[in-house]
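S.K.: Got a structure here, written out as structure tokens. Questions coming.
The values are calculated or read from the model by the stated rules, or taken from the named source; none is laboratory data. If you're wondering where the values come from, they're calculated on a predicted model, not measured in any experiment. Every residue, glycine as well, gets a Cβ built from its backbone with ideal geometry; the counts of neighbours run over all protein chains shown.
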Amino acid sequence: MTFSAQILTLYPEMFPGPLGQSLAGRALAEGLWSCEATNIRDFATDRHRSVDDTPAGGGPGMVLRADVVAAAIDGVANGTPVLAMTPRGRSLTQDRVRALASGPGVTILCGRFEGFDERLFEGRAIEEVSIGDYILSGGETAALVLLDACVRLLPGVMGAALSGDDESFESGLLEHPHYTRPPVWEGKAIPEVLRSGDHAKIAAWRSERSEMDTRSRRPDLWERYSSARGQSPSGARTRKQDE
Ligand code: SAH
């Protein structure tokens, strides 16, 4: 099944952009996913083809019109969930990415200017998604982030099928650090255990580092992880309930 990525944007030429390269690019060429960007402006009805107008109540900037964006959504509707990229949305997580990647695809609305007329979200079933607590100039790069995260999970996209399972966030923890040759670089050696060939010891070291680093770098993740795990002994890696 082909994962369908449909994007509504004022800058369709920004797609597939960087996702035309590397893993995602090869998967696109192989038909594992499709990418179709449509210009919201095609759905404007006045003779200036305007998509935005000044904010009600005054203030700087422009707001994307609900009527024009809704017409665009209706015009491309193909049954995939409709997502709007906005800093007011729910923060994107690996769980949400995994759920989207296992579905038929996504239709993504990319905002510009001050964002969308709020009535759009009352008039259509739209999931508002943020990629983090900072402001981009437009939703296109956010859409590329979301698509990158989804596409790499599609069956057949990643070379080593298993390498997706162990990543940061998949277990609720950050992943352990990685090393490669040379064995000593600028006087710094690769941790001895990783060169021991003892797979059980290596696995234990990795899971210990994974917990240690999560605890120190991401106390928020660590708290969620340890409370989900309840009283079970430390050191054991667990899967989240919904996996
Ligand atoms: N005035 C808005 C920001 C608009 S930025 C506010 O303060 O909430 C312009 C567009 O960039 C947004 O409509 C959205 O599509 C996109 N964008 C900016 N930051 C984003 C983020 N963190 N996550 C997702 N989309 C974002």
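S.K.: For the subset of region 92-101 comprising residues that are away from the ligand (no atom under 14 Å from the Cβ) and touching a strand residue (DSSP E or B) at 6+ places or on another chain (Cβ under 9 Å), which member is nearest to Gly132 (Cα to Cα)?
M.R.: My answer is Leu100.
S.K.: Can you tell me which residue among Leu64, Leu83, Leu100, Leu8 is buried (at least 20 other Cβ atoms within 10 Å of the Cβ), under 16 Å from Leu154 (Cβ atoms), at pLDDT 95 or above and not aromatic (Phe, Trp, Tyr)?
M.R.: Only one candidate qualifies: Leu100.
S.K.: Hey, Glu114 hits all of (1) of a type outside the set (A, V, I, L, M); (2) more than 14 Å from the ligand (Cβ to nearest atom); (3) surrounded by fewer than 17 Cβ atoms within 10 Å (Cβ to Cβ) but one; which does it fall short on?
M.R.: With respect to (1) of a type outside the set (A, V, I, L, M); (2) more than 14 Å from the ligand (Cβ to nearest atom); (3) surrounded by fewer than 17 Cβ atoms within 10 Å (Cβ to Cβ), Glu114 is out only on (2).
S.K.: Okay, moving on. Condition (residue is in contact (Cβ under 8 Å) with a residue 60 or more places away in the chain, assigned to a loop (DSSP other than H, G, I, E, B) and within 16 Å of the ligand (Cβ to nearest atom)) applied to region 148-158: is it met by at least one residue?
M.R.: no
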